[in-house]
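Novice: Here's a structure for you.
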Amino acid sequence: MRASARDMSLIVISILIAFFLDAWWDEQTEQREISDNLQAVYQDFRSTKDELDKVVDANIAYVRDVTKLISLELNELIRLDAKSRSELAYLLPRGGLTFDPVLGSVEALISSGQLNRVRNLQLRSLIAAWPALMDEIGEDQEILRSEE
């Protein structure tokens, strides 16, 4: 009788340990997935920032060139050589660059439902708001283009 009670206890303890190890392994796998997803989101953010920096720099240069062009007086324009005039003519139709954000990892994280597994509430909120913010920037660009 004691031997069977001991054997049953060992079986129950073994099953409980197996459940614990399975739950622990699932948690570790989930944390690795979340970490990988957040790393991909971070890379999207970096790419978007780099793209935005390029657009801002190009648009600043464009504004500087156009300001320089409109500040020239008529007699200065007449005195320019052909090469300088063609360079100035190139400035006018060029316009500013537009911005195309990288959203792939963010949208994948949101659409997969894994965003809810991000424990940091502030980070989760910021990631969730990112596509709408990028849409707003896109709408602002469309308005600016339509006003040109």
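What follows draws every value from the coordinates through simple rules; no lab data is involved. Here the structure is a predicted model, which means the values were calculated and not measured. Positions of Cβ are backbone-derived with ideal geometry, glycine not excepted, and every protein chain shown enters the neighbour counts.
Novice: Looking at the chain as a GNM with Cα springs under 10 Å, which of Leu103, Leu21, Leu115 has the largest mean-square fluctuation?
Specialist: Of the options given, Leu21 has the highest mean-square fluctuation.
Novice: Name the residue, out of Ala82, Ala40, Ala61, whose mean-square fluctuation peaks in a Gaussian network model built on the chain with Cα pairs under 10 Å.
Specialist: Ala82
Novice: For the chain, would you read off the P(r) tail past 26 Å as a percentage of all alpha carbon pairs?
Specialist: 57 percent
Novice: With a cap of 15 neighbouring Cβ atoms within 10 Å, and only residues DSSP puts in a loop, list the trypsin sites (Lys or Arg not before Pro) found in region 94-125.
Specialist: In loop regions of region 94-125 (DSSP not H, G, I, E or B), the sparsely surrounded trypsin sites (Lys or Arg not before Pro) are Arg119.
Novice: Per residue of the chain, what 222 nm ellipticity follows from adding -39500 (n - 2.57) for every DSSP H run with n ≥ 4, rounded to the nearest 500?
Specialist: Computed mean residue ellipticity for the chain: -29500 deg cm²/dmol.
Novice: For the chain, set up a GNM with springs between Cα atoms under 10 Å and report which of Gln28, Gln43, Gln114 has the largest fluctuation.
Specialist: Result: Gln28 has the largest fluctuation of those listed.
Novice: Further question: Of Ile11, Leu126, Gln28, which is farthest on the positive side of the dipole of the chain, counting Cα position, with +1 on Lys and Arg Cβ, -1 on Asp and Glu Cβ, and the Cα centre as origin?
Specialist: Result: Ile11.
Novice: So, one more: Leaving out same-chain residues fewer than 8 places away, which lysines sit with a Cα under 21 Å from that of Lys83?
Specialist: Candidates past the 8-residue exclusion: Lys68.
Novice: Between 0 and 90 degrees, rounded to the nearest ten: what's the tilt of helix 2-71 against the longest Cα principal axis of the chain?
Specialist: 0 degrees
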